[in-house]
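Structure record follows, encoded as structure tokens.
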Ligand code: HEC
């Protein structure tokens, strides 16, 4: 069953990649801007946690030392890079701005475009300051020598144009919640079902994706979390426990262990407040679509340019992550 799921996922990923590759590569990423923003690694550590701790880079080699392989079917394979400060095998020679460019534009200093298994299309919508903070934190990772093999791609990397970014990250309320959900923590990756073409089905935004066994987290009282108070939503993020006392498992547990459970009360309530504003979808994950809900009004002002190929690719990443859960947990304890 699992093998079959992975095979299907790989197939979808390959299809989506090829579909993308077939499009003409017209738009190039804007040149990185140099603007003198300086990152704060302390603040970056918190954002890093909200992002689930960059779990893909946590292989057996150690904290952020990479090496995990991501098989993309006919498209080839890529490896999580060593993003420790090792100069030879990691990114020790990169400036903070170089790291920001990788997060916002998917570009390495040598000009190479990263394959979007690396979720830069989401991170791209973060504010410049937040990006610098995350970059500054990543640069504090102790050097680990781990030579990661070169990627083997049979398809071109799709072009990417960074979306507009907010001048400042929203600090409170629904706007803050939307920012967290749709950029840093990208909850919709796992919680929004995909169309047959692999694109996120925005008419069922956050209605649960059976591929990952994720829940409907829209305000539907019957099928979602409409009966949960904002505090109960916050407590789930903090403790992994539902209002009935049961614990979440699977990928949600991974995300929490990866760092999401470090979310502050204020941010947790902001996420909860935002989740209360998305249109309720009155159907169980994977059930036939109800009469289409209108696309959410409050949806991402930023960072929502997710290419349709990204979702199946992320599926691959997540399945691999699920397999490497043990390693990941161990890596975080180091
Ligand atoms: C890596 C995939 C993934 C990400 C990212 C993710 N989730 Fe989940 N989430 C899941 C899965 C899978 C479950 C179901 C777990 C289970 O059934 O034990 C779940 C369960 C939940 C539940 C419990 C719902 C219920 O009815 O039991 C809530 C609430 C939730 N997630 C909210 C969020 C929020 C908010 C975010 C972003 C901050 C988020 N999730 C990010 C995969 C994910």
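Computed packing ranks the peptides 108-121, 162-175 as 108-121, 162-175, most packed first, by mean other Cβ atoms within 10 Å. Note on the stretch 99-169: Kirkwood hydrodynamic radius from all Cα pairs is 13.5 Å, rounded to one decimal.
Let me know the shape class of the stretch 173-277, please: from the alpha-carbon gyration tensor, a ≥ b ≥ c as square roots of the eigenvalues, rounded when a/c is under 1.5, otherwise prolate if a/b is greater than b/c, or oblate.
Because its axes are fairly even, with a/c under 1.5, the stretch 173-277 counts as rounded.
When peptides 243-255, 52-64 are ranked by their average number of other Cβ atoms within 10 Å per residue, the highest-first order is 52-64, 243-255. You can think of it this way: the chain between residue 287 and residue 229 has 18.4 nm of extra reach, that is 0.36 nm per residue less the Cα-Cα gap.
A short reminder: the numbers here are calculations on the coordinates, not readings from a lab. What you see is a predicted model; the values in this text were computed from it and never measured. Cβ: placed from backbone, ideal geometry, glycine included. Neighbour counts: every protein chain shown.
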